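Engineer: Have a look at this one before I ask anything.
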Amino acid sequence: MELTPIVVALVQPLLALLASQNNEVAYRVILGLALIAAAWIGAGLWLIKGAERSRRLRR
């Protein structure tokens, strides 16, 4: 499965929002997406660390 159409479909509305005159909304949307991405990455790292700790304790 090629990711290009999916990426274009996700990025195109963001680019349209940035090109619009309402910059405050664009910045808030981008900041919100950045916070969601950071939380997602943080949760993934937390789960990986917990799995490693659990594996160590079982030995």
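Every number here is computed from the coordinates shown, using simple stated rules; none is lab data. Remember, predicted model here, so these are calculated numbers, not experimental data. So basically every Cβ, Gly included, is an ideal-geometry build from the backbone, and we count neighbours across all protein chains shown.
Engineer: If you go through the stretch 1-35, how many residues are under 18 Å from the mean Cα position of the chain (by Cα) and outside any helix (DSSP H, G or I)?
Structural biologist: 1
Engineer: Among the residues of the stretch 21-59, write down those that are among the hydroxyl-bearing types (Ser, Thr, Tyr) and surrounded by 10 or more Cβ atoms within 10 Å (Cβ to Cβ).
Structural biologist: If the condition is that a residue be among the hydroxyl-bearing types (Ser, Thr, Tyr) and surrounded by 10 or more Cβ atoms within 10 Å (Cβ to Cβ), then Tyr27 is the only one that fits.
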